[in-house]
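The values are calculated or read from the model by the stated rules, or taken from the named source; none is laboratory data. Fair warning: this is a prediction, and the values are worked out from it, not measured in the lab. Quick reminder, even Gly has a Cβ in these numbers, built from the backbone with ideal geometry, and neighbours come from all protein chains shown.
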Amino acid sequence: MNNIPRENDRVIDAHAEDINREAILAKAVLPVATELRLVDLSALARHILGHENANIADLVDSSSEMFFRDGTLKFADDSGIELAWEGEIAASFSLNFTNMGVKVLFDLYLLPRNTAVSIKYVAFDNPSHDAKANTQQLADAVADALIQR
């Protein structure tokens, strides 16, 4: 048997690490999403549709202040909302996470029955050639940024 890694193996490993990274962020921001869901929906829609980014940033800051250390989770000046005739509403917020040399730009989706995260960009000040080591850096940075309750 040949144990030489193939290009296809690296693609699969990278994809698995992308999923792991999204899971790490999703678990960490779930309480923030729960807080955002407490905002009056008509006010939230008005802020998003009116591109009132300062108001949205305030909502994100106040929703995250109990869970993340100051400055580690910020609104990234992009949001969206889908309003359906059936009454289902989905909102999205682009967020920046920065801590311990790890920077992540991701979207947080508040869907009718769940919450989702989609990473757009990840940067490490000291990246490793090992994708799993980079994922561990992200996990450590997230754990450090969380306020222990």
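Descriptive notes on the structure:
- When every residue of the stretch 82-101 is checked against the conditions, none turns out to be part of a helix (DSSP H, G or I), in contact with a strand residue (DSSP E or B) (Cβ under 9 Å, 6 or more places away or on another chain) and not polar (S, T, N, Q).
- Selected residue [more than 15 Å from V32 (Cα to Cα) and surrounded by 14 or more Cβ atoms within 10 Å (Cβ to Cβ)] from T115, T135: T135
- Tally of residues being assigned to a helix (DSSP H, G or I) and closer than 22 Å to D70 by Cβ across the stretch 111-149: 9
- Restricting the stretch 63-75 to residues that are surrounded by fewer than 17 Cβ atoms within 10 Å (Cβ to Cβ) and of a type outside the set (K, R) leaves a set whose member that is nearest to F106 (Cα to Cα) is G71.
- All told, D77 falls short of being under 16 Å from R21 (Cα atoms) and either under 16 Å from the mean Cα position of the chain (by Cα) or charged (D, E, K, R) (or both).
- The lone exception for L44 - which of (1) out of contact with any helix residue (DSSP H, G or I) (no Cβ under 7 Å at 6 or more places or on another chain); (2) of a type in the set (A, V, I, L, M, F, W, C); (3) surrounded by 13 or more Cβ atoms within 10 Å (Cβ to Cβ); (4) within 30 Å of D125 (Cα to Cα) it fails: (4)
- Neighbours by Cβ (under 6 Å, 6+ apart or cross-chain): first from the stretch 29-52, free of Cβ contacts under 8 Å to residues at least 40 places away in the same chain; second of a type outside the set (A, V, I, L, M): P31/F67; E35/S63; H47/N55
- Filter result (among the β-branched types (V, I, T), modelled with pLDDT under 95 and more than 17 Å from the chain's Cα centre (by Cα)) within the stretch 1-56: I4, V11, I12, V39
- Being surrounded by fewer than 16 Cβ atoms within 10 Å (Cβ to Cβ), on the phi < 0 side of the Ramachandran plot, touching a residue at least 12 places away in the same chain (Cβ under 8 Å) and more than 15 Å from the chain's Cα centre (by Cα) is a description that applies to I147.
- Number of positions in the stretch 76-97 that are surrounded by 22 or more Cβ atoms within 10 Å (Cβ to Cβ), among the hydrophobic types (A, V, I, L, M, F, W, C) and over 22 Å from F124 (Cβ atoms): 2
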